[in-house]
Amino acid sequence: MSDPIVILTEEPLGADDRVNIERLVDGGDAPLVVLVPANTERHLLVDFLENLSLLDVAKAFRELSSHSPDPASERAAAAETLAVSLNALAGIGSGVTGEVVDGGAVQGLVAKVKELGAGQAVVITRPHAIADTFHTDWANKAQDQLGLPVLHLYAGSGFIGDS
């Protein structure tokens, strides 16, 4: 059996993501472990600037004035994202399992990779202009802590992030 592959995602995985992961596994028997953070720990200022950079002024100001989400609703949304993602990846490798991660997303990924002795880590996110530009995205942070390459894919596409 191959080493496990740990996948951290903030988005529900779909058909395009399945194709990317199938290519990564390449017919092997690596078990897949999907992690979804209960709280993505986004920063208000970074989100505001990111929305402005995407010319989504209305969303930028709407999120700036919004209240913090309820932890129970965040956890429920994460559980739904996990269920959709597990379904999307069903049948790849030697099986797909997953869990909702409490606390920091990167810390959860690093801990799971070390716990399982995983040979590979993958981060799947939507593009984050500010974090990606300044290399403060989850993939770069995880790579710094793990000392092994972390593949950064953009959700729903074949695009690879710069980590």
Of the residues Ala105, Ala131, only one is modelled with pLDDT under 95 and within 13 Å of Ile7 (Cβ to Cβ); which? Ala105
Conditions: (1) at pLDDT below 65; (2) over 24 Å from Lys141 (Cα atoms); (3) of a type outside the set (A, V, I, L, M). Lys59 meets all but one. Number of the miss? (1)
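The values are calculated or read from the model by the stated rules, or taken from the named source; none is laboratory data. The model shown is predicted, which means the values in this text are computed figures rather than measured ones. So basically every Cβ, Gly included, is an ideal-geometry build from the backbone, and we count neighbours across all protein chains shown.
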